[in-house]
Every structure is written in C-alpha cells, then in structure tokens.
Amino acid sequence: MSANNKNDILAVLQILKKYNLKDTESLLKQEANLTDIPENFTHDASDSVLQAYQSEGDPDSYDSCYTELRKFVDSALDIYKYELSMILYPVFVHMYIELVYNGHEEQAKELMEKFGPEQEYYYQEDIKRLSMITKRDQMSGNDLTDTFKSNEFIIRISRDTLSLLKRHLQEKKASVVMNIINEHLYFDLYEGMARNKKQCDATAGALLGEARRQDNKVKVYYGLLKEPDYQQMTTQAPPPEEEDENDVDADKPKKKKQKKDPLFGKKTKSDPNAPPSDRVFLPQLRDNDKNEKIKALREAQKRVNLGPDSLPSVCYYTLLNSLYTVTCAEIAEDSSLIAIGFSDATIKVWAMTPAKLRELKSAEHLKDIDRDVDDVLVRMMDDRKADTSKLFTGHTGPVYSCSFTFDRSLLLSCSEDCTIRLWSLQTWTCLVVYKGHLNPVWDVKFSPHGYYFVSSSHDKTARVWATDNPQPLRIFAGHLSDIDVCMFHPNSNYVATGSSDRTVRLWDVLSGNHVRLMTGHKAPIYSLVFSNCGRYLASGSSDKVVNVWDLAHGHLVASLEGHTSTIHSLCFSRDGTVLASGALDCNLKLWDFSKLCEDLSGENVNVSHNPNVRSGDNYLLRTFPTKQSPFITLHFTRRNLLYGVGMFESS
C-alpha cells in the first residue's frame, strides 16, 4: 500500500474513532490489513482526505485547462451548449480556491482577472468577494469559501450532455477539471432533451446552483383549513343569528334550529389538499376571536370585487422628514392600526381610525367594574390616557420588522440587538423578550392563527416560537446566507423563507425539514406572500423581478418583470384576484393574478425538469407612480382598498 493510500485510510479511521463507530473501525482495519495500529493512535485527518484542495497540478496549467473547457463549451452544438455552460462558473471558483489554497497567489490573480468578468452577471457579487481572498489563511472561517468547500454545486443536466462532457474530459486527460467535477459538483441527471438558454436561465442564479428534483418531492398540504362554525361556537351570536362561516362543523352538537343568516349561507367543501386539522396544534378560539372573525366576515360582505375592469383605489401614507430613520412599517389585519419601526430602536403605533388608542385602567380601578355588564371590555379601558399614537422603547438597535396579532392585542418586533419583543397593545408595555438568535433579526411574522410566530436572522436560521415559550420550538437551518424574510402559510403548517443565498425555501413546521427549495432569483429576496388559496407563493427580490412559484411541485411558473429597483412589498387583494408589488423605484404595479391562475390550470403540469415560465407582460394591469416615495409596505383592507406606506425622499 502506498504512503498516500495509507494516510487516507488512517484519516478515515480517525473520523470513525471520533464518532465512536467501533464496529466499522475494526472492519476497516481488518480489510486494510492495519490491525497493528494501537487503540489510541491519532492522525491529523486534515492532512489527507479532508483536504480536497491539496492539488499536485501544475499551477500554470490551470489557465490553459479553463481555456480548453471554455473552448469545448463554445464549440458544442446549441442543443447542449447552454447546459454545458453552467459548469464554467463552479469550475472557475474551485480552480481559484485551489490556487489560493496551495499558495499560487500570482496564478490565482491572473485567473481571476482573465475569466472573472466573463461569468454570469448574477455571480459578479460573489466573484468580487472571492477576489479579495488571496492568501490561504484568509480562507479559514470565510463564509464564501467555507460554503463552496463544504457543499456541492448542483447542476441539473441531461444524460446526453453529461456523457458528452465526460468523453471530452477523458480525451483531453483534463485531470484538474475532472478532479474538481468529481469532488465539488453534483449532477442532477434527467432523461430527455437538454434545456435551452431560457430554461437554464429560469432556475439558475442561486449561490450553489439549482435545486435537485428530490428536494421538491415531498407532498405539501397547501390547502386551507376548514373554518369552524362560528355561530354555534359563540355564546352571544351577534344579530342577525349566525349559522356558519364556511362550513358546518359536524362534530359540534346541534343547538335548536336558528334562522339562516346570508352571512353564513355559503357552504364550501373541505379542501382536498388541506392538512389534517390536528396536524399542528392550534389554540382554541376565545369569544373575542370569534367576534373578531364575524366582524371580518360582515366587513368582507361589502368587499369590492377587483379585476381588469375594476382596479382598487389606492390610499398612500407618506412619512415626512423620516429619511434614513424609518426602518419598517406594518398595518393591522383590520386596517385600524399602523406600527412604524425606527433606526433609533423605537416603535410608534398610530390609530388609523378616529378612535383613539386606550390603555387598561389600573388594578384598583379594574376591581370596581361589574364583570357581568355587556360593555365590560369598554369599561376596562381608561379614556383619560387615550391618544392618537403610542411609543414603545426597549430595543437597543434599529427595529427591522413588526407584526400584529389578528385581534390587535399584541405586537411583535425584531431588531439588530438579536432579540424579539412582544408588546401588549392594552397595557402598552413589553411582555416578553425572546433571545435565541445569534445575530441581528431581520424579520418576524405572526401565524395567521395567532400563538405561533416565525423569525429570521443574519445567523442563517429561521425559528418558530410560541408566545408562551421563551425558547424556539423549531430551528430551520439550511440556508447558506442571511434569511431576509419569512412568512407563515395561511394554514400555519408551513413557513416560507427568502435568503441572500438567492433561494426560497418552504419548511414544514411539524417536522422542521425543508420540503421545497426554489431557485431562480438572481439577487437577495426581500418580500414574500402566499396566495389566498395557499397553492402559490410570490417572492420579490433586488433582481427587480417578482417570481411566482407553484408549491405543489416547487416550480417557477411566472416571472413578473417591470420594476427598476428592489421589490420590498407584495400583497394579494382579499379576493385573491390582484397581486400588488411596491418597489424602491417609487412604483406600484398591479398584476392580474386570476388570469395567471386560469392559464396555469389550463395546462398539464410538466413535472419534469423544465416547466414553462410565463413573463409578466400579459398580466400587468396598471402602474401607479408616486412622486418621490419608495414603498415600504402594502396592505389591502377587508373591502379591497389598497394602502401603501413609504418615506418621502427629497431630491
């Protein structure tokens, strides 16, 4: 056995010993005839197997090897050319890292200057960061090089294209490229015709290539949960007598027959794609919640139906003298409150209706109130302290996101200080500080059913919490960079995250695993929104595109282009027919989502490797420009009036 081989086996033995895999260790010793090794041997594994970048190759040959590969790709038939060209970027990156690792600084610099600028535009940011690493000791602990060293770059490729590549490499005896491809690339093979340029571009752009098809194989229950029977649940049914929101709950005992209310006349079938109602524990609705839901239903009856011929009215709130100080804005579900987060670590809540913000009376005054009167909740509030706005202080860094509960009793906020705070909107104090994230927290969102919330951070994790637990219930790890935005699915069983690694992931709250990995954005993702039916997810990014994904298969189904700057806010109308997008280019765009859904339902879903991606030209309904106010947030009221919020930027 050569010294090299022996070293490799010793390194493997060391790893088996480290993880206490005794049976495997003794089997390997026997097979490799190394039974004479003492029990307490130590071997520096980092010197052999784990050093993927230890290369015996001639540093001057890298340039010619890459040129040869590029020439082969350029001269390939058009049918294979675009899939083959996906290999150039990862090979270039690993060649550069290999040269730097082995101390060939000059050759690495030449390689970077010669071939760096010709890589795809969406990789230029990563290449710029990579070019700053010129010495081996700068690599240890560097995010980018660590990511490339410890993860395979994924390329979806047809069998014919791959055999063409293999034949070329064997003929040319291109060992440098072959080693990189064997060590650091993962080919997700499929049968059939190779993809064309448009199909390759649609899913390219993520930090580490595309999603494997097996990443999107798990079944996703994207349907909505059956709504409870509010009339039978409420002790005092608001007049006229209530029957049901959507469906009669068969398990509830029937009371005496009540008059039909048109509000509850509509019966809907339960959704075949919905998860079982007990799959994730959801808290019981309190009387206050039920009354809120019934109020929402009454309001929804007055809703304006939107479409190409009846676009929503837009009401825009401009924040003056707030440039560089406002960091986020959030409007409550019933459109009665707005919370604004500031860079000086404060949060201000305003009433958007004539009703002022009231505070609970003190304990001694509360005990004098008769609990049996109908307006007990009104009497508990102190009119003397009523105001049009309230201020929250407590964070020690800029506030990056806020989120209201459905009943407007609580507000969440997250900050650069790595904490999340829960505030009471009745006592106007901080109730809990949630600590767990290791870095600034970029986003926080309540679940549509309350109780749970999700947060995402610079530490590359998203976490699901319950309001009554100081520790997270689930930690979602897998993204390779900051998670900039997170969102609960309407059925509360899933969480979507958008990251600076240019991928969108869907996580299962029950298991904690990711069930969808969606690639196609060319820049960090800053906004997410689920369609009202739960099947589609729209994401907005600083690549100026809104992508629409079908969660049933994890496919990109539409790419809505038109904005000229980062898209920071997305919102669906209450009837799900219109998607609104607001960007830093001071433009609001309205897209015809019902038309897109019709087009999608009309075609057979191609569950293979290249679904058809629609462009936004056919779906844009209207663009509304503001004068000089970029959009921070968008919100549809229950009656389908569209609110926008932004800061005025004086020129």
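Some observations on this one:
- For the range 51-210, the Cα gyration tensor yields ellipsoid semi-axes of 25, 17, 14 Å (square root of five times each eigenvalue, largest first, whole Å).
- Between ASP368 and GLU31, the modelled labels are 8.5 nm apart [label points 7 Å from Cα along Cα→Cβ].
- Take ASP278: with every protein chain present and a 1.4 Å probe, its accessible area is about 120 Å².
- Long pairs among LYS219/LYS302; LYS293/LYS595; LYS17/LYS109, criterion Cα-Cα beyond 31 Å: LYS219/LYS302; LYS17/LYS109
- Cα→Cβ-extended label distance, 7 Å offset, between ALA477 and SER313, nm: 5.2 nm
- When the pairs LYS128/LYS544; LYS197/LYS544; LYS460/LYS589; LYS385/LYS445 are compared against a 23 Å limit on Cα-Cα distance, LYS460/LYS589; LYS385/LYS445 fall above it.
- Under 5 Å from the amide H of LEU560 lie the amide H atoms of VAL546, ASN547, VAL548, each residue being 5 or more positions distant or on a separate chain, with H modelled from the backbone and absent for Pro and chain starts.
- Under 19 Å from the Cα of LYS166 - aspartates and glutamates, other chains or at least 8 residues apart: GLU68, ASP74, ASP78, GLU83, GLU152, GLU183, ASP188, GLU191
- Over the chain - Rg/Rh using Cα atoms and the Kirkwood inverse-distance radius: 1.03
- Taking amide H atoms as placed 1.01 Å from N in the peptide plane, the amide H of LYS385 lies under 5 Å from those of GLU359, each 5 or more residues away in sequence or on another chain.
- Tensor-based shape of the range 283-398 (alpha-carbon gyration tensor, a/c under 1.5 rounded, otherwise prolate or oblate): oblate
- Adding -39500 (n - 2.57) for every DSSP H run of four residues or longer, then dividing by how many residues the chain holds, sets the calculated 222 nm ellipticity at -7000 deg cm²/dmol.
- Leading residue at positive end of dipole, the chain (Cβ point charges), from TYR400, ALA355, LEU473: ALA355
- Here the contact order of the range 512-637, divided by its residue count and restricted to Cα pairs under 8 Å and six or more residues apart, works out to 22 percent.
The values are calculated or read from the model by the stated rules, or taken from the named source; none is laboratory data. What you see is a predicted model, and the numbers here were worked out from it, not measured in a lab. Using ideal geometry, Cβ is built from the backbone for each residue, glycine included, and neighbour counts are taken over all protein chains shown. With ligands, DNA and RNA removed, areas are computed over all heavy atoms of the protein, side chains included. Shrake-Rupley method; radii C 1.70, N 1.55, O 1.52, S 1.80 Å.
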